[in-house]
There are 2 protein chains.
Amino acid sequence: MSVAVFYHAGCPVCLGAEQMVADAIDHAKYDVEIVHLGDQSERITEAKTAGVKSVPALVLNDQVFHINFGASIDDLA
Amino acid sequence: MSVAVFYHAGCPVCLGAEQMVADAIDHAKYDVEIVHLGDQSERITEAKTAGVKSVPALVLNDQVFHINFGASIDDLA
């Protein structure tokens, strides 16, 4: 099973992207985890280490996809 | 069946995102079409009308998701 982690911060841009992730990702192939970095600030370091520069971002296995541009991750720390 | 159209221009950023689309989108739910705007410049107007500002971009039904930032669509026209 592959791992998909969606990092967001609750912004309007994030919510649209979250819907996309929930609807469109193949759940038969991917374990999808949604991480709200505003609520779970202890996971910001993990997100940065994965290469996340802004949210919303989707990490598929170890590849980062930044979706549109919501907020710089540096503004969340 | 929902419609997913992935617009790209063959750039390295696009190729990574294309892999993501091919692998991760639920093909049971979405008919996925890949459009290379470099080769199919007649579809640039359609992409702009859908709200595409840069490629790679994924249009799910009528919602646009710009992924990372490859190239401005204005540079392709």
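Read the figures in this text as sums done on the coordinates, not as results from a lab. Predicted model only: the values in this text are computed from it and were never measured. Counting neighbours? That spans all protein chains shown, and the Cβs are built from the backbone with ideal geometry, glycine included.
For helix B:12-24, report the angle its Cα long axis makes with the longest principal axis of the Cα atoms of chain B; keep it between 0 and 90° and round to the nearest 10°. Rounded to the nearest ten degrees, it is 20. Measuring nothing but how far apart in sequence close Cα pairs (under 8 Å, 6+ apart) lie, relative to its length, chain B scores a relative contact order of 39 percent. The range B:12-36 and the range A:7-77 have Cα centres spaced 18 Å apart. Lys/Arg Cβ at +1, Asp/Glu Cβ at -1, dipole of chain A taken about the Cα centre: which of A:ALA22, A:VAL35, A:ASN68 is farthest positive-ward? Ranked along the dipole, the leading option is A:ASN68.
Mean per-residue shielding of peptide B:20-29 is 5, counting Cβ atoms of other chains within 10 Å of each Cβ. Check cross-link reach from A:LYS48 to the lysines: straight Cα distance under 28 Å, and skip same-chain residues fewer than eight apart. Within reach: A:LYS29, B:LYS53. Using R₀ = 22 Å, calculate the FRET efficiency as 1/(1 + (r/R₀)^6) where r is the Cβ-Cβ separation of B:ASP39 and B:ALA77; round to 0.05. Approximately 0.95, to the nearest 0.05. How far apart, in nm, are the 7 Å Cα→Cβ label points at B:HIS27 and B:GLU46? The modelled label-to-label distance comes out at 2.1 nm.
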